[in-house]
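One structure is given here, and the rest of the page talks about it.
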Amino acid sequence: MKFIRLVIFLLAIIMVWSPMRSCTIFCAIDSLGHVWAGNNEDARFSLGNKIGIVSKTDSTLGFVWFYYTNNGYAQGGSNEAGLFYDLNSVDASEIEGC
């Protein structure tokens, strides 16, 4: 129950916090040891967004991924074993000492 409250809280913050510019990625582990991951895409939605579904083969796992057709950039996805990935970015910054 605490996990569900945390997810609802995080989603409420994401929906209310309109000045956000970068995508949000989060993960949590519930009391049974299951890992839950989620993300949102803050880029402008278009009808060019697609979902790709790739079936497993004898040597690869199946996976689902999300991408923009106008530039082919992958936006995130997951394979059938549960490996989750997404992309995120921040504004350019300088690192002291480099």
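The values are calculated or read from the model by the stated rules, or taken from the named source; none is laboratory data. Nothing here was measured: the structure is a model prediction, and the numbers come from that model. Cβ coordinates were reconstructed from backbone atoms using ideal geometry, including for glycine residues, and neighbour counts include every protein chain displayed.
When region 37-64 is limited to residues that are at pLDDT below 85, of a type outside the set (Asp, Glu) and under 14 Å from the mean Cα position of the chain (by Cα), the one that is surrounded by the fewest Cβ atoms within 10 Å (Cβ to Cβ) turns out to be Ala43.
For beta carbons closer than 9 Å, sequence separation of 6+ or different chains, a first residue in region 26-37 that is over 17 Å from Ala81 (Cβ atoms) and free of Cβ contacts under 8 Å to residues at least 24 places away in the same chain and a second that is part of a strand (DSSP E or B) and among the aliphatic types (A, V, I, L, M), the qualifying pairs are Phe26/Ala37. Taken residue by residue, region 7-18 has no member that is surrounded by 14 or more Cβ atoms within 10 Å (Cβ to Cβ), in a strand (DSSP E or B) and modelled with pLDDT under 80.
Take Cys23 and tell me if it is of a type outside the set (S, T, N, Q), surrounded by 10 or more Cβ atoms within 10 Å (Cβ to Cβ) and modelled with pLDDT under 75. Considered against the rule, which asks whether it is of a type outside the set (S, T, N, Q), surrounded by 10 or more Cβ atoms within 10 Å (Cβ to Cβ) and modelled with pLDDT under 75, Cys23 comes out as yes.
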